[in-house]
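This report concerns only the one structure given below.
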Amino acid sequence: MRLLYLHSIYKKYSMNENCSKSTDPNDDISFLIWRIMKHWQRGKQRLLDEFGITGSQMELLGAICYMSEHKMEATQIILSQGTEIDPMTTSTILRNLQKKGLISRRESTTDTRARIVEVTKEGSALFFRARAKMEERQEELLKNIDKEGLIAHLQSLLTEMDRINNRLNS
């Protein structure tokens, strides 16, 4: 229902000469990306609900697991920078993960201001189960898609976005 409403709004405004000349939103890249992201995020959250975590919690848990596997110390600021989640939000998410028993935090031996974040056995197990289920769903979704071609197009798009963002931020 909501999609039909948005589709009708899009059509109404796309006939205006100041907007896209296309009357079909499915011809508009922005509209398609928006729809794909909506479906992707909703599907991901439905799946993660089965594990009792949010997308941001999964992202941070994954970063902590990765750093742990590579013998790197994970601090709140490093996690915030690496995931591009602002520091205050990162702190809240980490506190919630700790309450769930998925991570632990301890003081750094080299920097008393920093706290080292470590994944617990329960956190690691949950992360890998959730990741396996996400990969299974992704394979199901993309089974009839040229994955190599899609990856190449997405990498090109991301490279262009990074180039433009870097230019705007300099």
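The values are calculated or read from the model by the stated rules, or taken from the named source; none is laboratory data. Owing to the predicted nature of the structure, the values given are computational and were not obtained by experimental measurement. Note: ideal-geometry Cβ built from the backbone for every residue, glycine included; neighbour counts use all protein chains shown. Side chains are part of the model used for accessible areas, which takes the heavy atoms of the whole protein and leaves out ligands, DNA and RNA. Shrake-Rupley method; radii C 1.70, N 1.55, O 1.52, S 1.80 Å.
The figures follow:
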| item | result |
| --- | --- |
| Accessible area (Å², per residue) of the chain, counting only protein heavy atoms and a probe of 1.4 Å | 73 |
| Highest-first arrangement of 132-145, 54-67, where packing means the average Cβ count within 10 Å | 54-67, 132-145 |
| Around Ile36: net Lys/Arg minus Asp/Glu count, Cβ-Cβ under 14 Å | +3 |
| CD proxy at 222 nm, helix term only [per DSSP H run n ≥ 4: -39500 (n - 2.57); per residue of the chain; nearest 500] | -22500 deg cm²/dmol |
| Nearest 10 degrees, 0 to 90: helix 87-99 Cα axis against the chain principal axis | 60 |
| Sorted largest first, extent of the stretch 22-170 alpha carbons per principal axis (Å) | 59, 42, 26 |
| Cross-link table Lys44/Lys143; Lys44/Lys133; Lys99/Lys133; Lys100/Lys121, entries beyond 19 Å C-alpha to C-alpha | Lys99/Lys133 |
| Surface share of carbon and sulfur [accessible, 1.4 angstrom probe, percent] for the chain | 55 |
